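The values are calculated or read from the model by the stated rules, or taken from the named source; none is laboratory data. Note that the structure is predicted; figures quoted are calculated from it, not measured. FYI the Cβ positions are ideal-geometry reconstructions off the backbone, even for glycines, and counts take in every protein chain you see.
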Amino acid sequence: MIEQTDILVLDDVKNLVDTFYGKVRQDDLLSPIFNRVIGDKWDIHLDKMYRFWQTVLLKEHTYLGAPFAPHMKLPVEGKHFDRWQALFYETIDEKFSGEKAKEAKWRASKMAEMFQMKIAHYKKSQTNPLL
C-alpha cells in the first residue's frame, strides 16, 4: 500500500489534477463534454487547473481568472456535477489524506454547488453574467 500524504506542494497539485482529469477524459458521461470543449488543448487546460488549485489550496497566487465563465454555457446538469465530484473525491481518497485533502473536497463540493445554482439561474433568466 502506498503511504498517503497531504497536498502540500505544487507536485501534489499536479498529481491530483493529472489523475483526476485522466479519469474525466475516460468517463462515459463527462468525456464527451470536456473533450469537445477542450479539444487538443488539454495541456493548456491542465496548466490552468494546476494554477487554480495551487492558488486555492497552497495560497500561492498563480491563478488569475474567473472560473465560472467558461462553464456557463456547457450542456451540464446535476448528474454531471455529481459525477465530477465523485471522481474528484475518488482521486483525493486514492492519493491523499490530511487537512488540505479535506479542504480540496470541501472546496470542490462548494464550487459544484455554486456552479449548478448559477447555471440554472442564467438558463432560467436567459441572461449572461457580467464578466
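Computed quantities for the displayed model
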{"item": "Tally, over the stretch 93-130, of residues that are under 13 Å from the mean Cα position of the chain (by Cα) and closer than 17 Å to LEU30 by Cβ", "result": "5"}
{"item": "Boolean, ASP93 is charged (D, E, K, R) and over 28 Å from TYR122 (Cβ atoms)", "result": "yes"}
{"item": "Residues of the stretch 55-78 classified as farther than 17 Å from HIS121 by Cα, touching a residue at least 40 places away in the same chain (Cβ under 8 Å) and not acidic (Asp, Glu), total", "result": "4"}
{"item": "GLU90 surrounded by fewer than 19 Cβ atoms within 10 Å (Cβ to Cβ), part of a helix (DSSP H, G or I) and among the charged types (D, E, K, R)", "result": "yes"}
{"item": "Residue match in the stretch 65-80 (condition: modelled with pLDDT of 95 or more and surrounded by 13 or more Cβ atoms within 10 Å (Cβ to Cβ))", "result": "no"}
{"item": "Cross-chain or 6+ apart pairs with Cβ under 9 Å, the stretch 3-19 first and farther than 14 Å from ALA101 by Cα, then of a type in the set (Gly, Ala, Ser) and surrounded by 14 or more Cβ atoms within 10 Å (Cβ to Cβ)", "result": "none"}
{"item": "Among residues of the stretch 14-58, those that are modelled with pLDDT of 95 or more, among the aromatic types (Phe, Trp, Tyr), over 18 Å from ARG107 (Cα atoms) and touching a helix residue (DSSP H, G or I) at 6+ places or on another chain (Cβ under 7 Å), counted", "result": "0"}
{"item": "Residue list for the stretch 1-25, filter: outside any loop (DSSP other than H, G, I, E, B), more than 15 Å from the chain's Cα centre (by Cα) and of a type outside the set (Asp, Glu)", "result": "THR5, LEU10"}
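One line per residue, one yes/no per condition, for (1) surrounded by 15 or more Cβ atoms within 10 Å (Cβ to Cβ); (2) in contact (Cβ under 8 Å) with a residue 60 or more places away in the chain; (3) in a helix (DSSP H, G or I):
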site: TYR50; (1), (2), (3): yes, no, yes
site: TRP53; (1), (2), (3): yes, no, yes
site: LYS100; (1), (2), (3): yes, yes, yes
site: LYS123; (1), (2), (3): no, no, yes
